[in-house]
Amino acid sequence: MTDAIQCKAGDWVEVQRVLLEPADRSKNLPPETAEKPLRMWIKGFAQAAGALGDPMTIETMTGRLVEGSLSAINPGYFHTFGNPIPELVHVGVDLRARLADYHAAQGDAPAGKGGA
Amino acid sequence: MATKFDAIMARRGEIMLAALGMDYSVFEQSPIAFDYEGMMSAHGYSLDDIVGIQTRAGVGHTPLLELKNLTDVVRSMSAPGKGARIFVKDEAANMAGAFKDRRASVSIHVAKEKGYEGVIAATSGNYGAAVSSQAARYGLKCIICQETFDSRHIGQPEIVEKSRICEAFGAEVIQMTVGPELFFHMVELLDQTGYFAASLYSSFGVSGIETLGLEIAEEMTALTGAPPTHCVITHAGGGNTTGTARGLKRAGATDTQIISASVDLSGLHMASDDDFNRKSFTTGHTGFGVPFATWPDRADVPRNAARSLRYIDRYLTVTQGEVFYITEAMSKIEGLERGPAGNTAMTVAVSLARDLPRDATVVVQETEYTGAGKHHWAQLNFAKEMGVEVRSGDPKGNVPGKVIVIPERPEQIQAQDFDVARMRKSYVRNALKNAPEGYAPTAADIAFLAADTNSDAAAVEAILAALKEA
């Protein structure tokens, strides 16, 4: 994650803004959604220098100018696979053993053939 | 007082007319009926034309693989004489990693032909990647509106990955918090930019999926001598089911049973900020599958080309834990590591094949790409962080949003039939509800409703009579 809190004009940044305040939202929402604003985040090139939280205009990939407050500078992606899932680690071993047993019982008939 | 939301939505008709490149009003026949086949063929492309468009766009012609080890796992737990052969169409081999490339390729081709400068789509799924990739190839600008985060700015790893891939293809991605107003912002942007609406639900998109059904019919015939006896389709908005089934029929595979498959997410509200990160699936689930099947015209086009009830023979659901188990199994015994949501149909196929004769052939018609975030481990680790319990056991104990139960043995995988008759009834009720109050359906309306629900006039009349009494 970038620790920068200041950007220069031309830097790749992200801004955020509120699209709809709760009062402006659709009327068909569950209460936990209705009470919150609809927010958006969008990335582009900073049109001026600024610090996190400052009002900022960006030029997006389509060339639109979008205003918001500066929420990230050179934002990256940090999603991953994470740790193996203990409830799944046995699956491969179990199924390979099952296949070996099945094939042995079939007299090693070729796998997956049709017919009764 | 009209809100900002209402103000844009009131102008939605005129904005969409300019953005869709097609006037839907010419197909309307009554407050209920419209000319579905007329709408589907209005673009003027033959199936061969679409194959050509897709071939030039690097889309389609994906491998059809027989899954012999998975078939043998099924046979190891089947009664004598049972255990159908299982095949998969490896749609992850498409350029942007999913069957959605087929859908996007036709829309983007049309946008380019009609001279639009760019395209916009509202999607949190693989469709965003597909539209972004095709737009890059055609040199069009691209905006993807995506429901990404809850109000705390936390998103499922699978969706965050889909933001990344769209941006990798040069799209402008608008990441939003939970709510159906995603479509409001899309309409606002269409109005501002004059771009083409690359809707998931246009006839362009759904026609693009027909080639998948065509390839399955042709390739299975070459491999086994006949089209598949069963085709299992991961089902969300209904386009996958509709397009694949239409393609199979157009290829002459009229006897192939169409089985839609969804992950059961009953109990979770799709517009809930609290439930958003507790779904563990971002698509292929009943939260989209049921509402869109029972009222397709809730979509972002005046008439939805995805009308799955026309084609569904059976609708089977499985639990989250069952799909994660099969996703892991596919890697370990078939060497096929693919994204979890696309394996929903695979999970249903395992349950279905067990009860079918050995000479039956079951085609699972898609896979989707996998990678960091878009992976069953990532989704399960995230579920745990969100307070969802993950444990081993009998998947009957799975409770969406609360407990994910990973099966201990493949025997525990048991798909459940969703009542299609009830869905038909619900669809007819919705069709009436959306007509002016007191409107009495004509004989032509009844014939339309029968076609739209794959039933007959007598069945529709019985539903109408029951609704009148209620």
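Being within 19 Å of B:ALA305 (Cβ to Cβ), within 14 Å of chain A (Cβ to nearest Cβ), out of contact with any His (no Cβ under 9 Å at 6 or more places or on another chain) and touching a residue at least 24 places away in the same chain (Cβ under 8 Å) is a description that applies to B:MET186.
For (1) within 26 Å of B:GLU181 (Cα to Cα); (2) in a helix (DSSP H, G or I); (3) among the small types (Gly, Ala, Ser), each residue gets a yes or a no:
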position	(1), (2), (3)
A:ASN28	yes, no, no
A:THR33	yes, yes, no
A:LYS36	yes, no, no
A:TRP41	yes, no, no
A:PHE78	no, no, no
A:PHE81	no, no, no
A:PRO84	no, no, no
A:GLY92	no, yes, yes
A:HIS103	no, yes, no
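When B:VAL364, B:VAL403 are checked against the criterion of being more than 8 Å from every other protein chain (Cβ to nearest Cβ) and either within 22 Å of B:ASN277 (Cβ to Cβ) or surrounded by fewer than 22 Cβ atoms within 10 Å (Cβ to Cβ) (or both), B:VAL403 stands alone in meeting it. Within the range B:369-387, if we keep just the residues that are in a loop (DSSP other than H, G, I, E, B) and not basic (Lys, Arg), the residue that is nearest to the chain's Cα centre (by Cα) turns out to be B:TYR369.
Being modelled with pLDDT under 95 and more than 16 Å from B:LYS4 (Cα to Cα) holds for only one residue in A:ALA9, A:ALA4, A:ALA23, and it is A:ALA4.
B:SER272 meets the conditions (1) touching a Pro at 6+ places or on another chain (Cβ under 7 Å); (2) of a type in the set (Gly, Ala, Ser); (3) outside any loop (DSSP other than H, G, I, E, B) in every case but one. The failed one is (3).
Note on the range B:290-308: among residues that are within 13 Å of the chain's Cα centre (by Cα), in contact (Cβ under 8 Å) with a residue 60 or more places away in the chain and part of a helix (DSSP H, G or I), the one that is surrounded by the most Cβ atoms within 10 Å (Cβ to Cβ) is B:ALA293.
Total residues in the range B:22-34 satisfying the condition of being assigned to a loop (DSSP other than H, G, I, E, B), among the small types (Gly, Ala, Ser) and surrounded by fewer than 19 Cβ atoms within 10 Å (Cβ to Cβ): the figure is 1.
Only strands (runs of 3 or more DSSP E) wholly contained in the range B:35-145 count here; list those with 2 or more residues that are over 27 Å from B:PHE183 (Cβ atoms).
Those strands (runs of 3 or more DSSP E) span B:64-66, B:85-89.
Residue-by-condition table, conditions (1) crowded, with 24+ Cβ neighbours inside 10 Å; (2) in a strand (DSSP E or B); (3) touching a Leu at 6+ places or on another chain (Cβ under 9 Å); (4) within 14 Å of chain A (Cβ to nearest Cβ):
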residue	(1), (2), (3), (4)
B:GLY208	yes, no, no, no
B:THR211	yes, no, yes, no
B:ILE216	yes, no, yes, no
B:THR221	no, no, no, no
B:ALA226	no, no, no, yes
B:VAL232	yes, yes, yes, no
B:ASN240	yes, no, yes, no
B:ALA245	yes, no, no, no
B:LEU248	yes, no, yes, no
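Residues of the range A:51-85 that are surrounded by fewer than 16 Cβ atoms within 10 Å (Cβ to Cβ), among the charged types (D, E, K, R) and within 11 Å of chain B (Cβ to nearest Cβ): A:GLU59 alone. Among residues belonging to the range B:164-178 that are closer than 22 Å to A:SER71 by Cα and touching a Ser or Thr at 6+ places or on another chain (Cβ under 6 Å), point out the one that is farthest from the other protein chains (Cβ to nearest Cβ). Once the filter is applied, the top-ranked residue is B:CYS166. Among residues of the range B:128-155 being surrounded by 24 or more Cβ atoms within 10 Å (Cβ to Cβ), at the interface with chain A (Cβ under 9 Å from one of its Cβ atoms) and not hydrophobic (A, V, I, L, M, F, W, C), the one that is nearest to A:ALA23 (Cα to Cα) is B:THR148.
Of note, B:ARG12 does not satisfy the criterion of being surrounded by 24 or more Cβ atoms within 10 Å (Cβ to Cβ) and not hydrophobic (A, V, I, L, M, F, W, C).
Are any residues in the range A:55-79 hydroxyl-bearing (Ser, Thr, Tyr) and within 22 Å of the chain's Cα centre (by Cα), and if so, which ones?
Looking only at the range A:55-79, we keep the residues that are hydroxyl-bearing (Ser, Thr, Tyr), and these are A:57, A:60, A:62, A:69, A:71, A:77.
A:THR60, A:THR62, A:SER69, A:SER71, A:TYR77, listed by residue number.
The values are calculated or read from the model by the stated rules, or taken from the named source; none is laboratory data. The structure presented is a predicted model; accordingly, all values stated were derived computationally and were not measured. Glycine also receives a Cβ, built like all others from the backbone with ideal geometry; neighbour counts cover every protein chain displayed.
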